[in-house]
Structure formats: structure tokens, C-alpha cells
Amino acid sequence: MSSDDWMRPSPRLRVARHVEAGAVTIVLLAVAGAILAFSSVTNGAVAAAIAIAAGALLDVMLQRRVGSWGYLEREDDLLIRRGLLVRRLSVVPYGRMQFIDVTAGPVERSFRLATVRLHTAAAASDARIPGLATEEAARLRDRLAALGEAHAAGL
């Protein structure tokens, strides 16, 4: 199970996360502008510097988080890894999958991305793979559904 075998989210997910961090930074800069308008120039400059630093930190964290996601299709199960501080490795047996969702919010749709979410009998299951190209998400959904039916038939 070398690191070369792991599939990663689409590179477009990194761009989407840059856009999200930029939007947050703009909102924070607007707040800094309001502070400047109602306070001194020094307070406004400090608020603007904090807003820019927070936006840069958010962008770095989002990029690292995107880099932590990966999935590996094996013969009997699907492995999903994620996490920065706490690394998680979820093993989802194909025969235990109940259904597979493909979802896409407005930001994901604008970048032609989707999230594949796997539902199992376990209530606490949070197996999802974000940032897949819509074509890859559809392919993975169909493949997992077929493998799930084939493995469930053997139970």
C-alpha cells in the first residue's frame, strides 16, 4: 500500500479553498475598514494586518487539509484517510455500504467538484471523499454501488 496508490481530490479543490479563504479575508478586511472609519488609523491598520494574517493562516490550513485527504480502492474495502493534527484512516467494507450520496454545494458546483459520502449501518460513520471531479465522483459512486451489491450478495 504505497503512497502512490492513494487517489487524491481534484487539484480544483485547492483553487476552491483559495477562493473561500480569499472571501473570508475580504470580509475581515471590511470589518477592519469599519474599525478604521469609527476609530483611529492605528486601530484600523492593526485590524487590517490581523485580517490579512488570519486570511493567510486560513489559506495555509485549508491547503494542508486538502492535502491530507486520500482514498484507496482495495479488493474488499475502501480506505479513506484525512486529518492534520489527528490522522484518521477509515476502512469501509464494500458489503457494509447501504447507499452512496454524491453532493455538491454552490462553491463545489462552480468548480465542477462533488463530495462522495458513504452511508453504512454504523450511525457514527463519516466516510466521505470531498473535492472529486464530478465525473470521478459519478464513476466512484457507480463502482462502489456495484461492489457493494456484489459483496452484500455473499452475506
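Taking the criterion of being in a helix (DSSP H, G or I) and among the hydrophobic types (A, V, I, L, M, F, W, C), would at least one residue in region 2-13 satisfy it? Checking region 2-13: at least one residue is in a helix (DSSP H, G or I) and among the hydrophobic types (A, V, I, L, M, F, W, C). Note on region 68-101: residues that are of a type in the set (Gly, Ala, Ser) and in contact (Cβ under 8 Å) with a residue 24 or more places away in the chain amount to 3. Of the residues making up region 114-137, those that are free of Cβ contacts under 8 Å to residues at least 40 places away in the same chain and in a helix (DSSP H, G or I) number 3.
Among the conditions (1) part of a helix (DSSP H, G or I); (2) hydrophobic (A, V, I, L, M, F, W, C); (3) open to solvent by 90 Å² or more (accessible area, probe 1.4 Å), the only one that Leu140 does not satisfy is (3). Of all the residues in region 84-95, those that are touching a strand residue (DSSP E or B) at 6+ places or on another chain (Cβ under 9 Å) and over 15 Å from Ala152 (Cβ atoms) number 5. Screening Arg87 against (1) surrounded by 15 or more Cβ atoms within 10 Å (Cβ to Cβ); (2) more than 25 Å from Val19 (Cα to Cα) leaves a single unmet condition, (1).
The values are calculated or read from the model by the stated rules, or taken from the named source; none is laboratory data. Every value quoted in this text rests on a predicted model; they were computed, and no experiment measured them. Please note: Cβ atoms are built from the backbone with ideal geometry, for glycine as well, and neighbour counts cover all protein chains shown. The protein model used for the area step is the full one, side chains on, heavy atoms only, and it has no ligands, DNA or RNA in it. Shrake-Rupley method; radii C 1.70, N 1.55, O 1.52, S 1.80 Å.
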